[in-house]
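Before any comments, here is the structure.
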Amino acid sequence: MALPKFTVTGTIYDVLGHTNGGELEPQYYGKELWTRAKVTFRPNVARGQFVEFEGKLYNLKPVVAEVMPDGTLAFEGDPVTLVANDPGLSIEGLQYRVEIQGAHPFVIDALEDGETLDLSETTPAAFTNATQISRGPRGYPVDDVDRDGMEIVFYSRGDEIGRIDTSDLVIGYLDGGTPEGAGVGYIDGGAP
């Protein structure tokens, strides 16, 4: 199965105060540039972090589209398509930073597979980092965590899938105290 994707549309114009018959006349965005204006869609996935989908790894790179002479967006002459949010991806909360050449960037949430996003109807989203989803064997999630002595034990569907030795970690807590008095701190260090 192909990666889930959604389409981005929109028409971007400059209004420079020119009139035609008394009406403001827009021109396509970036007409004054030597080349077509660029619109970069930058995923909120860390550089070098691969995304897994159906057993394959993908490196999500920025997509650089162009503003065409009619003001529409295109990527290598085709509609702009981006990887969509999907429960099968190894991340959740996929977003894109939209960087229109010469304008302030804004963030959009990735849509679901097959949907279309019109930039002119978009409310910018608050930027967040994509969350990596940890999966156990065969893509099943970790559904239980327990402690065995100085080890943390992870389970999926009742089967142990991994352990972490915590004997070298520093364990501590702080009793926050009250506004009238300081709290009490406690640190129990492991071996350096």
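Summary table
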item	result
Inter-site label distance for R157 and L57 at 7 Å from Cα along Cβ, in nm	2.4 nm
Positive minus negative residues near V153 (Lys, Arg vs Asp, Glu; Cβ under 9 Å)	-3
Förster radius 22 Å - calculated FRET efficiency between Y13 and E112, Cβ distance, rounded to 0.05	0.15
M150, M68 arranged by Cβ crowding within 10 Å, fewest neighbours leading	M150, M68
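Readers should treat all values here as calculations from the given coordinates under stated rules, not as data from a laboratory. Note that the structure is a prediction, hence the values are computed from the model and not measured. FYI the Cβ positions are ideal-geometry reconstructions off the backbone, even for glycines, and counts take in every protein chain you see.
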